[in-house]
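Report on one structure; see the data block that follows.
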Amino acid sequence: MARVRLNVAERREEMLRAAVEQIEIRGVSSVRIADVAQVLGVSNALVLYHFSTKEKLVAAAFAYAAEADLAHLRKLLARRTTALRRLRAAVRWYAPTGTAKGWRLWIEGWAASLREPALREVAGDLDQQWKTELAQVIEEGAAAGEFRCEDPRSAAWRLTALLDGMAVQTTSYAGPLSRTTMLRWTDEALARELGVDLADLTGAAVADASAEG
């Protein structure tokens with residue numbers, strides 16, 4: 001069967017999807033241009049034409065995968081409900097017990113960025129976008145009087161640091177923490193940062209789920 005002819009944007013996206021899959025299978029350090037080319041049935045030269053180096057391909061693949069999660073985070077944070085409910089939904093989704101994809105890819109990227117400047121720049125920018133999105137909703141909720149938080153940006157940093165750390169534990173060490181424990185810690189941390197009672201936080205989520213049902 002003849003191969004379907006793709007335009008430049010479609011070809012790049014196809015290569016990025018293949019690169020993400022190969023990174024997840026082989027790891028950043030072991031994946032090769034040839035692995036991506038072989039999966040797609042194209043030449044190494046064609047992959048290099050679009051990305052010029054393995055380092056640039058890896059950085060672009062990492063950004064491609066992370067942007068999908070960022071898009072979903074923004075969707076959760078844009079829901080028409082209280083800031084408190086949006087924050088809890090987003091934080092629990094982002095936690096390693098949630099449905100966010102790519103934790104293994106993120107951890108691979110963090111490790112590789114120690115040696116690869118291009119990936120370090122991309123990873124740093126994406127990390128800042130996560131924190132900024134959370135901080136903006138925390139600031140919005142505080143301004144509306146839903147809760148108290150004098151420094152939304154610092155709160156976002158602490159929350160993401162906790163979730164990142166738990167992700168390393170569960171991904172790298174075969175899950176020494178139970179799902180129930182991690183979700184409880186996530187709720188406790190969010191309640192602490194926002195100055196609300198844990199019962200109020202979980203009660204709001206239950207009410208929100210009932211309304212949606």
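Answer yes or no as to whether Thr82 is surrounded by fewer than 19 Cβ atoms within 10 Å (Cβ to Cβ), β-branched (Val, Ile, Thr) and over 21 Å from Leu194 (Cα atoms).
No.
Out of (1) at pLDDT 90 or above; (2) in a helix (DSSP H, G or I); (3) out of contact with any Leu (no Cβ under 9 Å at 6 or more places or on another chain), what's the single condition that is false for Glu150?
The number of the failed condition is (2).
Which pairs have Cβ atoms under 9 Å, sit 6 or more apart or on different chains, and link a residue in segment 38-62 that is closer than 25 Å to Leu114 by Cβ to one that is among the acidic types (Asp, Glu)?
Partner pairs satisfying both residue conditions: Glu55/Glu116; Val58/Glu116; Ala59/Glu116; Ala59/Glu121; Phe62/Glu108.
Conditions first: (1) under 19 Å from Leu134 (Cα atoms); (2) acidic (Asp, Glu); (3) in contact with a Lys or Arg (Cβ under 8 Å, 6 or more places away or on another chain). Asp35 passes all but one, so which condition is the exception?
Here Asp35 clears every test but (1).
Residue by residue through segment 10-38, note down the ones that are assigned to a helix (DSSP H, G or I) and in contact with an Asp or Glu (Cβ under 7 Å, 6 or more places away or on another chain).
Gln22, Ile23, Arg26
Sort out which residues of segment 1-29 are more than 22 Å from Glu116 (Cα to Cα) and either surrounded by 15 or more Cβ atoms within 10 Å (Cβ to Cβ) or at pLDDT 95 or above (or both), and write them in order of number.
Selection gives Arg11, Glu14.
Would you please list the contacts, defined by Cβ atoms under 9 Å and residues six or more apart or on different chains, that run from a residue in segment 6-32 that is at positive phi to a residue that is of a type in the set (Gly, Ala, Ser) and open to solvent by less than 80 Å² (accessible area, probe 1.4 Å)?
Short answer, once both residue conditions are applied: Gly27/Ala111; Gly27/Ala112.
Scan segment 30-60 for residues that are open to solvent by 70 Å² or more (accessible area, probe 1.4 Å) and under 21 Å from the mean Cα position of the chain (by Cα) and jot them down.
The answer is Glu55, Lys56.
Could you tell me whether Asp164 is at pLDDT below 95 and surrounded by 14 or more Cβ atoms within 10 Å (Cβ to Cβ)?
yes
From the list Glu116, Glu146, exactly one residue is more than 17 Å from the chain's Cα centre (by Cα), touching a residue at least 60 places away in the same chain (Cβ under 8 Å) and closer than 26 Å to Ala61 by Cβ. Which is it?
Glu116
Might you check whether a residue that is touching an Asp or Glu at 6+ places or on another chain (Cβ under 7 Å), without any contact (Cβ under 8 Å) to a residue 40 or more places away in the chain and in a helix (DSSP H, G or I) occurs anywhere in segment 63-70?
No - not one qualifying residue is present in segment 63-70.
Pick from Ser172, Ser154: which is open to solvent by 30 Å² or more (accessible area, probe 1.4 Å) and closer than 27 Å to Gly195 by Cα?
The match here is Ser154.
Name every residue in segment 69-83 that is touching a Gly at 6+ places or on another chain (Cβ under 8 Å) and either modelled with pLDDT under 90 or farther than 14 Å from Glu140 by Cα (or both), in order of residue number.
The answer is Asp69, and nothing else.
The values are calculated or read from the model by the stated rules, or taken from the named source; none is laboratory data. Source: prediction; values computed, not measured. Note that each Cβ is placed from the backbone with ideal geometry, even for glycine, and that neighbours are counted across all protein chains shown. Just the protein is used for accessible areas: all its heavy atoms, side chains included, with ligands, DNA and RNA removed. Shrake-Rupley method; radii C 1.70, N 1.55, O 1.52, S 1.80 Å.
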